[in-house]
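Have a look at the structure below, then the notes.
The values are calculated or read from the model by the stated rules, or taken from the named source; none is laboratory data. Here the structure is a predicted model, which means the values were calculated and not measured. Ideal geometry is used to build each Cβ from the backbone, glycine not excepted, and the neighbour counts take in all protein chains shown.
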Amino acid sequence: MSLTQIKQSNISSDFSPSYRNLIINGAMQIAQRGTSTTGVTSAGYFACDRFYYYVDSIGTWTVEQSTDAPDGFGNSLKLSCTTADASPAVGDRAILQHRIEGQFLQHLAKGTTSAKKVTLSFWMKSNKTGNMQVNLYDNDNDRFVSGTVTVNASATWEKKTITFVGDTVSGYDNDNAASLLIEWWIDSGTTWTSGTAPTTWQANSAGDRNAGGTLALADSTSNYVNITGVQLEVGESATEFEHRPYGTELSLCQRYYYDPLTYRWLYAITTSDSGNRRGHSDYPVTMRATPTVTPTWGQYTSGTLGLQFSSTQGVTFYSDSVPAGSYTTVIFTAEAEL
């Protein structure tokens with residue numbers, strides 16, 4: 001389901017969003033995977049939906065949905081270093097990312113003479129002062145442009161704004177794959193810092209990817225950063241953050257990840273048969289792609305449990321090991337992340 005389709009489905013009648021904000025869950029309201037993940041040492045989606053933490057051999061982290069937020073917001077995403085790495089190897093890196101499908105970016109006219117400028121705005125708070133490099137990375141063409149923001153005051157919420165020029169060279173693919181990655185560089189080794197942060201679009205160069213970053217948040221277990229109010233929009237100035245209804249934001253997130261939070265029943269084909277249980281669940285929105293579905297037993301905990309059918313719209317489960325006259329339940333998650 002596209003952003004336009006979700007808008008037209010009238011999920012919430014609170015107001016009619018403009019969808020000028022290309023970021024999903026920018027206010028960090030939705031956390032289907034839970035509000036906190038500890039011991040993070042590798043890449044994945046943790047806590048707040050749609051924000052991917054790329055950790056490559058640099059410290060250990062807690063990723064959480066925090067209630068510490070600036071005025072006008074209820075939540076933020078907090079990254080806390082719990083095992084320090086003050087001397088990272090040259091190739092190590094930690095990057096917070098937000099990934100956007102190419103089909104949602106065609107109005108930016110990237111790769112044409114009409115390529116549009118975009119403005120990224122967000123609130124951030126850290127115990128450390130210094131510079132953070134933020135990149136727009138074109139995953140289709142291996143190109144990027146950067147901007148740098150400064151944490152001026154420790155432990156203080158500050159709003160940051162970066163305007164990025166348009167790219168007339170290469171366009172985004174018009175499909176459902178990850179075309180644009182917004183990157184907040186948390187820390188890295190020297191492979192990523194040896195060059196110069198580019199303010200115009202260029203071919204990818206490893207040494208430029210974090211050349212403007214000085215925060216080095218992996219160097220102490222006292223370090224943290226909170227981010228919220230993330231907005232990416234067309235134009236040269238930041239407008240007020242677009243607060244979409246909670247139900248709308250949840251549905252946008254469920255295109256990529258769905259956790260129904262309740263049991264789904266598997267029913268007997270006949271009341272006397274052993275095994276032969278089936279149950280179906282429709283997704284609340286059409287998912288980005290046929291998801292990876294992970295089922296686990298609910299009520300009954302032995303025997304075979306599998307997928308009979310799976311698509312972008314729903315899934316059918318089966319079990320052939322339930323005693324005659326018994327019913328069972330299944331819980332599951334469905335993931336179609338970028």
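Criterion applied to T168, T161 was being touching a Leu at 6+ places or on another chain (Cβ under 9 Å), β-branched (V, I, T), surrounded by fewer than 20 Cβ atoms within 10 Å (Cβ to Cβ) and touching a residue at least 24 places away in the same chain (Cβ under 8 Å), and the one residue passing it is T161.
The set of residues in segment 234-265 that are in the same structural domain as G74 (by TED's automatic domain parsing), in contact with a Ser or Thr (Cβ under 6 Å, 6 or more places away or on another chain) and outside any loop (DSSP other than H, G, I, E, B) comprises G247, T248. Of the strands (runs of 3 or more DSSP E) lying entirely inside segment 28-100, those carrying at least 3 residues that are surrounded by fewer than 16 Cβ atoms within 10 Å (Cβ to Cβ) and assigned by TED's automatic domain parsing to the domain that holds D140 are 36-45. When R288, R244, R255, R277 are checked against the criterion of being surrounded by 15 or more Cβ atoms within 10 Å (Cβ to Cβ), charged (D, E, K, R) and in contact with a Pro (Cβ under 9 Å, 6 or more places away or on another chain), R244 stands alone in meeting it. Counting residues in segment 167-183 that are at pLDDT 95 or above, among the β-branched types (V, I, T), more than 21 Å from T113 (Cα to Cα) and in the same structural domain as I100 (by TED's automatic domain parsing) gives one or more. For segment 187-197, the criterion of being under 30 Å from T286 (Cα atoms), surrounded by fewer than 15 Cβ atoms within 10 Å (Cβ to Cβ) and touching a residue at least 12 places away in the same chain (Cβ under 8 Å) is satisfied by no residue at all. Checking each residue in segment 262-301 for being aliphatic (A, V, I, L, M) and either closer than 28 Å to A177 by Cβ or at pLDDT below 85 (or both) picks out A268, I269, V285, M287, A289, V293.
Among the listed residues T119, T129, which satisfies the condition of being under 25 Å from S220 (Cα atoms), of a type in the set (V, I, T) and either crowded, with 21+ Cβ neighbours inside 10 Å or touching a residue at least 24 places away in the same chain (Cβ under 8 Å) (or both)? Talk me through it step by step, then tell me what you get.
Numbers: T119 fails: under 25 Å from S220 (Cα atoms).
When all the criteria are applied, what remains is T129.
Just wondering, is there one or more residues in segment 204-223 that are part of a strand (DSSP E or B) and either in contact with a Cys (Cβ under 8 Å, 6 or more places away or on another chain) or touching a residue at least 40 places away in the same chain (Cβ under 8 Å) (or both)?
So the first thing to find is which residues in segment 204-223 are part of a strand (DSSP E or B), and the list is none.
The answer is no, given that none of the residues of segment 204-223 is part of a strand (DSSP E or B) and either in contact with a Cys (Cβ under 8 Å, 6 or more places away or on another chain) or touching a residue at least 40 places away in the same chain (Cβ under 8 Å) (or both).
From T304, T328, grab the single residue that is modelled with pLDDT of 80 or more, surrounded by 15 or more Cβ atoms within 10 Å (Cβ to Cβ) and not assigned by TED's automatic domain parsing to the domain that holds A177. Step by step, each of T304, T328 is checked, and only T328 is modelled with pLDDT of 80 or more, surrounded by 15 or more Cβ atoms within 10 Å (Cβ to Cβ) and not assigned by TED's automatic domain parsing to the domain that holds A177.
For N174, the criteria (1) in contact with a strand residue (DSSP E or B) (Cβ under 9 Å, 6 or more places away or on another chain); (2) within 20 Å of E101 (Cβ to Cβ) hold in every case but one, which is (1).
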